[in-house]
Amino acid sequence: MSFHVTAPTVQETDDLIVSSLVSHGTDVEEPAPGEYVVKPYAKEYVFCTKKKVPKVGVMLVGLGGNNGSSFAGMIMANKHKVKWMTKRGEMSANFYGSLTQATTIRLGKCGEKDVHIPFKNVLPMVEPTDLAIGGWDINNMPLGDAMRRAQVFDFELQNELYKYMQPIVPLPSIYDPDYVAANQEERANNVITLPTKQAKLEKVREDMRNFKKEHNLDTLVILWTANTERFSEITEGIHDTADNLLKGIKNNEKEISPSTMFAVAAILEGNPFINGSPQNTLVPGVVELALRHQVFISGADFKTGQTKIKSVLTDFLVSSGLKPRSIVSYNHLGNNDGANLSAAKTFKSKETSKMHVVDDIFLSNPVLYPNPEKDQPDHCIVIKYIPFVQDSKRAMDEYSSEICMGGLNTIVLHNTCEDSLLAIPVMLDLVVLTELFTRIRIGERSGKTEKGHDAMKPLPSSKASLLDGVEMFSFHPLLGAILGFLLKAPMFPKGVPVVNSLFKQRQCLENLLRACRGLNTRTCIGLNKMYSAIQIGEEDRKKIGK
Ligand code: NAD
């Protein structure tokens, strides 16, 4: 499916798509408490996207786990167009649950009908089946066997995939038992035994370089999908700056976690890093290092089941003027993630990442929550390990809200599904979009573009005249603001307010891609469409004689 945008605000050359867009916003000042002065403004932004999709690879930390092996299986199954029988009939490989591969965006109206195109066609994106896959795991099981151990895929699908999966074997990884539950010890038969943190860092950097060379890659993305770690204790002099962090690794500091080591290695090699687990991998020193080396980082924690629903349901309640007073979320699961989360220290990381997903929604409604500090609803998260249910996680939630005139509304949800099958399309989207963003530059016409920390690699000049006089920069390395739809606890650049509402997050991402392609950005329903829906049409006017 292809399309062209014909407008003076869009120029395509052989290798670039350049577009400009006037965006309207409002600045608000508060000269006295509770008194606001609103100043609408318009700014013209210019976007430039390189069209050529490079050769892309992804290395997963935790490759042999449920997510890791299922991710590889999903890619292989789609690549080899695998079909398999189940008691519900024949199934074929797909990417259901992926924003980029299984959703659409609206192009506009063609005659009487609305035209929608696949999300992945808005801008050139890497084909998932072209991704090279590799990575590390503290367990040495080849991926065919790891897939069987995970018990995520149907039995016949496992049989079909085994021959494609078994040749993939995880590389030895950096392991520190202090960061995960004690019950993970028995898995750890594939660890880097070098004596110092510095030597381990150099080893995984070498692994990244070797993988890139072996697969002839232009771009490599590193994705942490290994066990949830406990939080690191952030200490001044160790985690606070890039230099201190690098010095800390040299000094073999205990409190630098394996995931932080992988983030540092990725950045030093110029590879984007995504943290799919809840722990505080991206300590301030990592963020500074990413700024210094102009490498994308994002996290934390894939947003899959319960949290996704929570950010939708809470948004619905609060935006309808109903007042949630308590949200209670129970989970039980029986996979290795559940076993690891049964330790208090790792559960704490997960609890923290799940706790704050709705805070900004409450803060956005001072009518319901005039005193947000005291008024926040009760919010509780419980996770239990029940081996029998394996990867088929149960999530049960109760939302109690105050409604009109002292009434009470209680909503109870029960959600059961294979946890990893919700996570792997999200992992794919994070990789696909992160790679795409490495090819986009943005500039502001006539306005000033901040230099220094936020300023990133300029793009080579082009024949496209829309670029004339505009300095173009890459995005801020912390991609949380754009990838929030896919992350439970998205990290935003300093001073940018966090947005958790799921549909706002999706709109933000869609608008960015639309702007890069020269399509109008959408807020919700387009005003033109709304107008045609509420005006009395010509035919009806004739009927009533006006
Ligand atoms: P898993 O336990 O099946 O897999 C984790 C893998 O990481 C294991 O194979 C383990 O051996 C390996 N590992 C542990 N420490 C390692 C290290 N230092 N280096 C390399 N490998 C290491 O868990 P999973 O179900 O695949 O989940 C992975 C992570 O994703 C967890 O942190 C989980 O909380 C997070 N997550 C999962 C979902 C979901 O829906 N499945 C959603 C959000 C976040």
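The values are calculated or read from the model by the stated rules, or taken from the named source; none is laboratory data. Small disclaimer: the values here were computed from a predicted structure and weren't measured. Cβ atoms come from the backbone with ideal geometry, glycine included; neighbour counts cover every protein chain shown.
Here are the numbers for this structure:
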read-out	value
Count of residues meeting criterion [part of a helix (DSSP H, G or I) and touching a residue at least 12 places away in the same chain (Cβ under 8 Å)] in the stretch 354-363	6
So residue 411, is it surrounded by fewer than 16 Cβ atoms within 10 Å (Cβ to Cβ) and in a strand (DSSP E or B)	yes
Odd one out for residue 193 among (1) touching a residue at least 40 places away in the same chain (Cβ under 8 Å); (2) farther than 14 Å from residue 265 by Cα; (3) among the β-branched types (Val, Ile, Thr)	(1)
Top-ranked residue in the stretch 343-388 [being surrounded by 13 or more Cβ atoms within 10 Å (Cβ to Cβ), of a type in the set (Val, Ile, Thr) and farther than 17 Å from residue 317 by Cα; ranked as nearest to the chain's Cα centre (by Cα)]	352
Within the stretch 477-495, considering residues that are in contact with a helix residue (DSSP H, G or I) (Cβ under 6 Å, 6 or more places away or on another chain) and over 13 Å from residue 512 (Cβ atoms), the one nearest to the ligand (Cβ to nearest atom)	488
Test result for residue 325, more than 12 Å from the ligand (Cβ to nearest atom) and within 30 Å of residue 406 (Cβ to Cβ)	yes
Residue check for residue 58: surrounded by 14 or more Cβ atoms within 10 Å (Cβ to Cβ) and modelled with pLDDT under 95	no
Residue ID - nearest to the ligand (Cβ to nearest atom), chosen from residues in the stretch 294-308 that are hydrophobic (A, V, I, L, M, F, W, C) and not in a loop (DSSP other than H, G, I, E, B)	302
Given (1) touching a strand residue (DSSP E or B) at 6+ places or on another chain (Cβ under 6 Å); (2) within 16 Å of the ligand (Cβ to nearest atom); (3) among the aromatic types (Phe, Trp, Tyr), number of the condition residue 47 does not satisfy	(2)
Scan of the stretch 364-387 for residues that are in contact (Cβ under 8 Å) with a residue 40 or more places away in the chain and not in a loop (DSSP other than H, G, I, E, B), ordered by number	378, 379, 380, 381, 382, 383, 384, 385, 387
Scope the stretch 320-353; condition at negative phi, in contact (Cβ under 8 Å) with a residue 12 or more places away in the chain and small (Gly, Ala, Ser); matching residues	326, 329, 334, 338, 339, 342, 343, 349, 353
Subset of the stretch 309-318 [touching a helix residue (DSSP H, G or I) at 6+ places or on another chain (Cβ under 7 Å) and either among the basic types (Lys, Arg) or within 16 Å of the ligand (Cβ to nearest atom) (or both)]	311
Residue among 81, 52 that is in contact (Cβ under 8 Å) with a residue 40 or more places away in the chain and more than 16 Å from the ligand (Cβ to nearest atom)	52
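Let's see how each residue does on (1) touching a Phe, Trp or Tyr at 6+ places or on another chain (Cβ under 8 Å); (2) within 16 Å of the ligand (Cβ to nearest atom); (3) part of a helix (DSSP H, G or I); (4) within 21 Å of residue 58 (Cβ to Cβ):
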site: 233; (1), (2), (3), (4): no, no, no, no
site: 248; (1), (2), (3), (4): no, no, yes, no
site: 265; (1), (2), (3), (4): no, yes, yes, yes
site: 277; (1), (2), (3), (4): yes, yes, no, yes
site: 288; (1), (2), (3), (4): no, no, yes, no
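Quick grid of which residues meet (1) in contact with a strand residue (DSSP E or B) (Cβ under 6 Å, 6 or more places away or on another chain); (2) of a type in the set (D, E, K, R); (3) in a helix (DSSP H, G or I):
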residue	(1), (2), (3)
175	yes, no, no
185	no, yes, yes
201	no, no, yes
204	no, no, yes
